[in-house]
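> This is the structure I have questions about; it appears just below.
The values are calculated or read from the model by the stated rules, or taken from the named source; none is laboratory data. All of these numbers come straight from a predicted model, not from anything done at the bench. Every residue, glycine among them, receives a Cβ derived from its backbone with ideal geometry; neighbour counts consider all protein chains shown.
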Amino acid sequence: AGLGRIREELEKAGRESKGFQVQNYVPVVAGEGGAVDVEKTMSVVPAMVEGGVTDFRITLRLPNEEAAVQDLLSPLVETFRKAAGRS
């Protein structure tokens, strides 16, 4: 609702809302043992897209090893792309 109003006000002021970007954070949901629950974390993304969010942020503690970082991020990226309709 808030983003729709912003777009309306931009148009009333003679400004183009196309290309207007909105950022928001995806809240991380912890699963068993404190690991990221990928499905639950990304479950909010479709509603955020529908609401007009264009730029998604997430805060994570990354492991030191590159392989462990890839193991953490790969399923998040894949699930995000599907949830956001960007796959």
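> Which condition number in (1) at pLDDT 95 or above; (2) touching a helix residue (DSSP H, G or I) at 6+ places or on another chain (Cβ under 8 Å); (3) in a helix (DSSP H, G or I) is the one that Pro27 fails?
(3)
> Arg7 - would you say it is among the basic types (Lys, Arg), surrounded by 13 or more Cβ atoms within 10 Å (Cβ to Cβ), at pLDDT 90 or above and in a helix (DSSP H, G or I)?
no
> Counting just the residues of the range 31-87 that are aliphatic (A, V, I, L, M), over 10 Å from the mean Cα position of the chain (by Cα) and part of a loop (DSSP other than H, G, I, E, B), which one comes out farthest from Lys18 (Cα to Cα)?
The qualifying residue farthest from Lys18 (Cα to Cα) is Ala35.
> Same structure again: Which residue, of Val53, Val26, is surrounded by 13 or more Cβ atoms within 10 Å (Cβ to Cβ), within 12 Å of Leu76 (Cβ to Cβ) and in contact (Cβ under 8 Å) with a residue 24 or more places away in the chain?
None of the others qualify; the one that does is Val26.
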